[in-house]
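The values are calculated or read from the model by the stated rules, or taken from the named source; none is laboratory data. Keep in mind that this is a model prediction, so the values were computed, not measured. In this analysis, Cβ positions are derived from the backbone assuming ideal geometry, glycine residues included, and neighbour counts consider all displayed protein chains. Just the protein is used for accessible areas: all its heavy atoms, side chains included, with ligands, DNA and RNA removed. Shrake-Rupley method; radii C 1.70, N 1.55, O 1.52, S 1.80 Å.
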Amino acid sequence: NKKSPLFLLIHGGPHNGITDGFHFRWNAQTFASWGYVAAWHNFHGSSGFGQDFTDSINPDWLTKPYEDTIKAAEWFAQKPWIDSSRMVAGGGSYGGYLSSILLGKEHPFNALVIHAPVYNMYSQLAADFAVHTTRFGDYWEHDIYDQISPHYFAGDFHTPALIIHGQLDYRVPVGQAFELFRTLQHLGIESRLIYYPDENHWILKPNNSIYWYGQVRDWIGRFAPAGAR
């Protein structure tokens with residue numbers, strides 16, 4: 001007879017899959033212990049559902065995963081045990097990319113957590129040259145970057161966002177988070193940047209991890225208070 005808030009988690013990769021596993025990073029059981037329904041969805045591009053499903057988002061990283069994320073949110077919102085007025089979402093790496101896309105598109109979330117995001121695919125190309133040229137081609141030869149880079153949607157940003165990144169991240173360099181955070185601040189959107197000078201793409205040091213969880217809990221709790229009601 002009670003309703004709980006939703007924390008919808010967006011996995012990285014994007015060619016990755018959420019299975020029955022455990023890790024201390026982005027630990028869904030921890031989020032659930034705070035009083036949230038913590039959910040992962042395996043959107044198009046996820047591994048484990050056949051190669052065609054995995055390849056279906058190359059080179060369009062945006063369309064199908066975004067649609068799947070909205071469908072997942074809508075599915076949960078219709079459940080009698082979900083409070084659709086208390087919904088948040090977030091992810092890291094590609095999950096940070098897709099969360100950055102959500103900033104500029106319609107969605108039902110009160111706030112977002114965006115960790116190590118690919119925000120500007122032009123500057124990311126130079127940092128991740130080998131992968132991006134294979135997947136998307138050079139930006140001076142294709143228009144796909146114009147269609148799927150989150151920074152192109154900045155004029156429609158409207159959602160409060162917590163941005164987190166580490167200086168030693170050589171997968172997605174920290175400048176991506178700086179660009180996103182500065183844009184949010186310029187637009188007057190409530191936002192916060194947590195910067196780790198001693199972490200890479202992942203938050204690995206125990207005390208840093210504890211701090212990460214504490215700050216994420218405080219942030220989502222402001223916009224979607226925890227607990228069944």
Can you tell me the convex hull volume per residue for the chain, based on C-alpha atoms, in Å³ to the nearest whole number? 118
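If contacts are Cα pairs under 8 angstrom and at least 6 residues apart, what is the relative contact order of the chain in percent?
22
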Spin-label model distance (nm) - residue 170 vs residue 32, 7 Å beyond Cα toward Cβ: 3.7
Can you send over the solvent-accessible area of residue 10, 1.4 Å probe, protein chains only, in Å² to the nearest 10? 0
For segment 62-154, what is the accessible area per residue in Å² when the probe is 1.4 Å? 38
Using a cut-off of under 11 Å, list every residue of segment 123-158 whose amide N is near the label point 7 Å from the Cα of residue 190 along the Cα-to-beta-carbon line. none
Would you mind working out the accessible area per residue for segment 1-50, using a 1.4 Å probe, and quoting it in Å²? 49
Report the paramagnetic label zone for residue 229: residues of segment 14-42 whose backbone N is under 19 Å from a point 7 Å from Cα along the Cα-to-Cβ axis. 32-38
If you stretched the chain out fully between residue 126 and residue 146, how much longer would it get, using 0.36 nm times the residue separation minus the C-alpha to C-alpha distance? 5.6 nm
Interchain or sequence-distant (5+) residues whose placed amide H lies within less than 5 Å of the amide H of residue 196 are 165, 166, 167
Per residue of segment 30-39, in order, report the coupling 6.51 cos²θ - 1.76 cosθ + 1.60 (Karplus, θ = phi - 60°) as ³J(HN,Hα) in whole Hz, putting x for Gly and Pro. 5, 4, 5, 5, 6, x, 10, 7, 9, 9
Taking 7 Å along the Cα-to-C-beta vector as the label spot, tell me the residue 77-residue 204 distance in nanometres, rounded to one decimal. 4.0
When the C-alpha atoms of segment 105-214 are aligned to their principal axes, what extent does each axis show, in angstrom, from largest down? 44, 30, 23
Gap in Å between the Cα centre of segment 126-167 and the Cα centre of segment 181-221? 20
Take the solvent-accessible surface of the protein heavy atoms, probe 1.4 Å, and return the percent of it on the chain that carbon and sulfur atoms account for. 53
For labels at residue 15 and residue 53 in the simple 7 Å Cα→Cβ model, what's the distance in nm? 1.6
With every protein chain present, what accessible area does residue 158 have (1.4 Å probe, heavy atoms only), rounded to the nearest 10 Å²? 100
Shape metrics for segment 168-229, restricted to C-alpha atoms - Rg then Dmax, Å: 13.9, 43
